[in-house]
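> The structure follows.
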Amino acid sequence: MKFDKLMIWVRVIDLPYNKLNGTWGERIAKKMGEFVKLDINKDGLVSAQYLRARVYIKVKDPLMRWVGLESVKLGKTF
């Protein structure tokens, strides 16, 4: 049995309201690790002020403090 991955809940804070949904949640979670699931309601929306995602992370990799998102409209990375 290998213990090279760990399943954790990740909290994503300070997202704009229009990004608090399943589509964006999965996209962001995949940047952090191997996507498992999101904590969303039946309509695909987040029921809190933040997004929660379940992901597998590699134990040997350092923890991510932030994930950058690119805005084509604004021409910036957040």
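> Please state the shape class of the chain: rounded when a/c is under 1.5, otherwise prolate if a/b exceeds b/c and oblate if not, all from the C-alpha gyration tensor.
Numbers: a/c = 2.46, a/b = 1.39, b/c = 1.77.
In terms of gyration-tensor shape, oblate.
> Still on this structure, I have one more. Relative to the longest principal Cα axis of the chain, at what angle does helix 22-32 sit, 0 to 90 degrees, rounded to 10?
With both axes taken from Cα atoms, the answer is about 40 degrees.
> Okay, next question. Output the peptides 48-60, 19-31 sorted from most to least packed, where packing is the average of other Cβ atoms within 10 Å over each peptide's residues. Each step should come with its number before you reach the end.
Values: 48-60: 14.7, 19-31: 16.4.
Result, highest mean Cβ count within 10 Å first: 19-31, 48-60.
> Points 7 angstrom from Cα along the Cβ direction at Met7 and Thr23: gap in nanometres?
2.8 nm
Read the figures in this text as sums done on the coordinates, not as results from a lab. These figures come from a predicted structure and were not determined experimentally. Glycine gets a Cβ as well: all are built from the backbone with ideal geometry, and neighbour counts include every protein chain shown.
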